[in-house]
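A short worksheet on the structure shown next.
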Amino acid sequence: MSPAPHTPRAARPPAPSGARIKSPALLLAESGADLEGHGLKRTMGLFQLVCFGVGAIVGTGIFVGLSDSVAEAGPAVVLSFVLAAITCVFTAFSFAELGGAIPVSGSSYSFAYATLGERVAFLVGWCLLLEYGVSVSAVAVGWSQYVNELLDSLVGLQVPAALSAGPGDGGVINLPAVLVVMMAATLLVRGIRESAGATAAMAVLKIGILVAFCAVAFTAFEDGNLSPFASHGMAGVTAGASVAFFSYIGFDAITTAGEEVRNPRRNIPIAIMICIGIVTLLYCAVALGAIGALGADAVSDKPAALSLVVDQVTGSSAGGGVIAFGAVVAIASVVLAVMYGQTRILMSMSRDGLVPRVFERVSPRTHTPVANTWIVAAVFALPAAFSSLDVVVNLTTIGTLATMAVVNIAVIALRRRNPELKRSFRVPLYPVSPVLGVGFCVYLMYGTGWTTWVQFAAFLAVGALVYSCYGRGRSRLVSSAATDPAGPVSPEA
């Protein structure tokens, strides 16, 4: 495919005041353009994309976070997973339409830029630092817990607490968490084909491990363990759904691969729907199996709950060791996929001048953003080394839900602004579906608690300040009709 024409950086005039909305045609032209002389390569097919999505989703949330969801909702955690899934499905419809219409690597950030303007787009990108960046830290902390579980089952040893947990968890520094971040970065800089291949292999393995867990757990299933079913009422189901939603974070990472996917208009919407379906079935089956085997009280507040279930059902530590191995692989694949998404978001923001230009540079040898990847790895290895998992989960969840609410709004805005745009997938029951998507997102945000809201408000305020002081004045948004295939950028207030 020959690169699309683009406007050289030096020739781009200052962006206009106001909302600074960038047209979808310009986004597509820029993504196809070779901005630095070395563009991204389209090497991912549908199977690899589905595996990438599953790889981005299934990890810490189910292997580590299940116990927290059960503590909130009891056996009704199954309803919590369904409620979280419904929220994801409505938003997945919106992602599918936008990902098919604007298949670029910026995901939610680019969608907001094309519909709601630069300021909102920057804040969405800022929130994605929580979803992709901070969640890397949370996932890495969960990986460290299962590394110790695996070592204990294999050789009867563990990494000392001082070196495998942050200060909030009774340690000094979490070295395994730093290690998994650096391993993921090493693989990412080698090339997308290698990364996608590794993610596909790990996704297939962890699905197999979870299916095997269900097979073992259901042999000890007892109906009485599900009673009382909704022991904490609807409030518990809602709180459990807010926690369980963390288990779904990452499915939108599929849209960050828009510039490296073959036939993206077809494959992105299909991959999103397949991933949500697979993950929801897995989560509900795992939750039912775990609680049915041991009961909610035995599962809640146990960081390595799945290994515990298998150990007690089989009467041997060997089964738990297999689950621990699956968790180590599963969580490592999440780190890999989520770091990939973060680097592509920063790459898109860098193209627009909203973050430093170093984030957009692509290696001529590997066709990957090498400097970007190592910077992301270094920055997010720090909270992984010194933070507790509980500290970052709620903040990551509320930031992700806010971003998803914006995506649902963006579908409506794009339909009104660009009705003629080619769409390979259309949201069903429009506009009811995206409106419900916004409603469910806000509902789960409410369940995170007022403390998280205060933290999130402070986080957004800092983001707005960064945009005003840095991003706005350095924006490279094109304002001339001659440089935008769809006409001039809209300077709406």
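The values are calculated or read from the model by the stated rules, or taken from the named source; none is laboratory data. Values in this document were obtained by computation on a predicted structure and should not be read as measured data. Cβ atoms come from the backbone with ideal geometry, glycine included; neighbour counts cover every protein chain shown.
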Residue that is touching a strand residue (DSSP E or B) at 6+ places or on another chain (Cβ under 9 Å) and either of a type in the set (A, V, I, L, M) or at pLDDT 80 or above (or both), where the choices are Ala257, Ala184:
Ala257
For residues in segment 348-368 being at pLDDT 85 or above and surrounded by 20 or more Cβ atoms within 10 Å (Cβ to Cβ), which is nearest to the chain's Cα centre (by Cα)?
Met349
Considering segment 199-235 alone, what residues qualify as being part of a loop (DSSP other than H, G, I, E, B) and not hydrophobic (A, V, I, L, M, F, W, C)?
Glu222, Ser227, Pro228, Ser231, His232
Identify all residues within segment 307-345 that are modelled with pLDDT of 80 or more, of a type in the set (Ser, Thr, Tyr) and more than 25 Å from the chain's Cα centre (by Cα); write none if there are none.
Thr314
Does segment 134-156 include one or more residues that are more than 18 Å from Val329 (Cα to Cα) and touching a residue at least 24 places away in the same chain (Cβ under 8 Å)?
yes
I'd like to verify a number: residues in segment 286-311 that are touching a residue at least 60 places away in the same chain (Cβ under 8 Å) and surrounded by fewer than 19 Cβ atoms within 10 Å (Cβ to Cβ), how many?
2
Could you please find all residues in segment 411-454 being small (Gly, Ala, Ser), under 23 Å from Tyr248 (Cβ atoms) and at pLDDT below 85?
Gly447, Gly449
Residue under evaluation Ala165, criteria (1) on the phi < 0 side of the Ramachandran plot; (2) at pLDDT 80 or above; (3) in contact with a strand residue (DSSP E or B) (Cβ under 7 Å, 6 or more places away or on another chain); (4) not basic (Lys, Arg), criterion not met:
(2)
Can you name the helices (runs of 4 or more DSSP H) wholly within segment 36-155 that have at least 2 residues being over 28 Å from Ala384 (Cα atoms) and in contact with a Pro (Cβ under 6 Å, 6 or more places away or on another chain)?
77-101
Report every pair of residues separated by at least 6 positions or lying on different chains whose Cβ atoms are under 6 Å apart, first residue within segment 270-282 and in contact (Cβ under 8 Å) with a residue 12 or more places away in the chain, second charged (D, E, K, R).
none
Answer yes or no: is there a residue in segment 107-116 that is surrounded by fewer than 22 Cβ atoms within 10 Å (Cβ to Cβ), at pLDDT 75 or above, of a type outside the set (Asp, Glu) and closer than 30 Å to Val466 by Cβ.
yes
Look at Arg365 and say whether it is among the basic types (Lys, Arg) and either assigned to a helix (DSSP H, G or I) or in contact with a helix residue (DSSP H, G or I) (Cβ under 8 Å, 6 or more places away or on another chain) (or both).
no
Condition check: under 22 Å from the mean Cα position of the chain (by Cα), crowded, with 20+ Cβ neighbours inside 10 Å and at pLDDT 80 or above. Does Gly250 satisfy that?
no
If I ask for residues that are assigned to a helix (DSSP H, G or I) and either farther than 23 Å from Val393 by Cβ or among the β-branched types (Val, Ile, Thr) (or both), which ones from segment 295-317 would you list?
Val299, Val309, Val310, Asp311, Gln312, Val313, Thr314, Ser317
Taking interchain pairs and intrachain pairs at least six residues apart, which have beta carbon atoms under 6 angstrom, with the first residue in segment 404-431 and part of a helix (DSSP H, G or I) and the second loosely packed, with under 15 Cβ neighbours inside 10 Å?
Ile412/Pro431
Under the condition of being exposed (fewer than 13 other Cβ atoms within 10 Å of the Cβ) and in contact with a helix residue (DSSP H, G or I) (Cβ under 9 Å, 6 or more places away or on another chain), which residue from segment 419-441 is farthest from Phe90 (Cα to Cα)?
Lys422
